[in-house]
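Visitor: Provided herewith is a single structure, encoded as structure tokens, for subsequent inquiry.
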Amino acid sequence: MRIDEETRALALEYVGRKSSSDQEILAELISIISRPEQISNTNRFASLLVEITDDRFIPMLIEKVVDGTRGEDFWLSDYMYALGMLLYDRDECYPVDDVFVRLMGDWLLNGKGGEISWKAGGILSEVEAPAAREYLLKGAADTSLFHLTRISCVRGVVNNFRDDAWALLESLDGDEDDYVREACRSASSFLKEHRKK
């Protein structure tokens, strides 16, 4: 992993050193992830993690998200953003345990359709865990959720649970939300194209 100069300068603001190797910077950033309450601007810090895009950030982000309290921890949404983007940028889904899936599933379905719910849906769509199936199917169909949350759930089903994808897409064909219907049409085209190969 090579960090470009502009990103290095921003990272060094957090690390607090004038010169360090890329590996030292990454190790220090992982350590900083574990102390979100000491970060003055977690939004900016999360964007830095996404800019660097290193899978070594993922385990600590998961650990901190699990430890976080929805509605209380100011940094939780920013950490979930970073985690979701890092997972999305991977070539394959990231394996997680059922405890994490249940937490994200609870936040997805019981987050009153807000930002945490949206980010939980995005995270669940990028993980490798059979337990995510039920939450993704429910989230895709739940019309009380934000359309982007539902679309993330559709993407998760299409990418990770193909046996359920066609039935889900057919059930959403007449959905009241234009964006969800369009996402389902795109997903159907994707599945048809990949069935031919």
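Visitor: Looking at Ser31, Ser40, Ser20, which is the one that is at pLDDT 90 or above and polar (S, T, N, Q)?
Guide: Ser31 is the lone residue from the list that is at pLDDT 90 or above and polar (S, T, N, Q).
Visitor: Pick out, from region 140-197, the helices (runs of 4 or more DSSP H) lying fully within it that include 3 or more residues that are within 23 Å of the chain's Cα centre (by Cα) and among the β-branched types (Val, Ile, Thr).
Guide: By residue number, 147-160.
This table checks each residue for (1) in contact with a strand residue (DSSP E or B) (Cβ under 8 Å, 6 or more places away or on another chain); (2) at pLDDT below 95; (3) farther than 23 Å from Leu61 by Cα.
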| position | (1), (2), (3) |
| --- | --- |
| Val96 | yes, no, no |
| Val101 | yes, no, no |
| Leu169 | no, no, yes |
| Arg185 | no, no, yes |
| Glu193 | no, yes, yes |
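Visitor: Mind checking which residues of region 37-51 are within 12 Å of Ala82 (Cα to Cα) and touching a helix residue (DSSP H, G or I) at 6+ places or on another chain (Cβ under 6 Å)?
Guide: Pass one, region 37-51, residues within 12 Å of Ala82 (Cα to Cα): 42-51.
Thr42, Asn43, Ala46, Leu48, Leu49, Val50, Glu51, listed by residue number.
Visitor: Given the options Gly114, Gly139, name the one that is over 30 Å from Glu24 (Cβ atoms), modelled with pLDDT of 95 or more and either charged (D, E, K, R) or assigned by TED's automatic domain parsing to the domain that holds Val157 (or both).
Guide: Every option except Gly139 fails the conditions.
Visitor: Here's another thing I want to ask about it. The conditions are (1) closer than 23 Å to Glu128 by Cα; (2) hydrophobic (A, V, I, L, M, F, W, C); (3) surrounded by 20 or more Cβ atoms within 10 Å (Cβ to Cβ), and Val99 fails exactly one of them. Which is it?
Guide: Just one mismatch for Val99, condition (3).
Visitor: Okay, next question. Can you pull out every residue in region 115-139 that is surrounded by fewer than 17 Cβ atoms within 10 Å (Cβ to Cβ) and touching a Ser or Thr at 6+ places or on another chain (Cβ under 9 Å)?
Guide: Glu115
Visitor: Those residues that are in contact with a helix residue (DSSP H, G or I) (Cβ under 6 Å, 6 or more places away or on another chain) and at pLDDT 95 or above, I need them from region 69-80; list them, please.
Guide: Trp75, Ser77, Asp78, Tyr79, Met80
Visitor: Answer yes or no: is there a residue in region 167-187 that is under 22 Å from Arg90 (Cβ atoms), touching a helix residue (DSSP H, G or I) at 6+ places or on another chain (Cβ under 6 Å) and of a type outside the set (Gly, Ala, Ser).
Guide: Scanning region 167-187 turns up no residue that is under 22 Å from Arg90 (Cβ atoms), touching a helix residue (DSSP H, G or I) at 6+ places or on another chain (Cβ under 6 Å) and of a type outside the set (Gly, Ala, Ser).
Visitor: Further, regarding this structure: Give me a count of the residues in region 140-155 that are among the hydrophobic types (A, V, I, L, M, F, W, C) and surrounded by fewer than 24 Cβ atoms within 10 Å (Cβ to Cβ).
Guide: 3
The values are calculated or read from the model by the stated rules, or taken from the named source; none is laboratory data. Predicted, not measured: the structure shown is a model, and the values here were computed from it. So basically every Cβ, Gly included, is an ideal-geometry build from the backbone, and we count neighbours across all protein chains shown.
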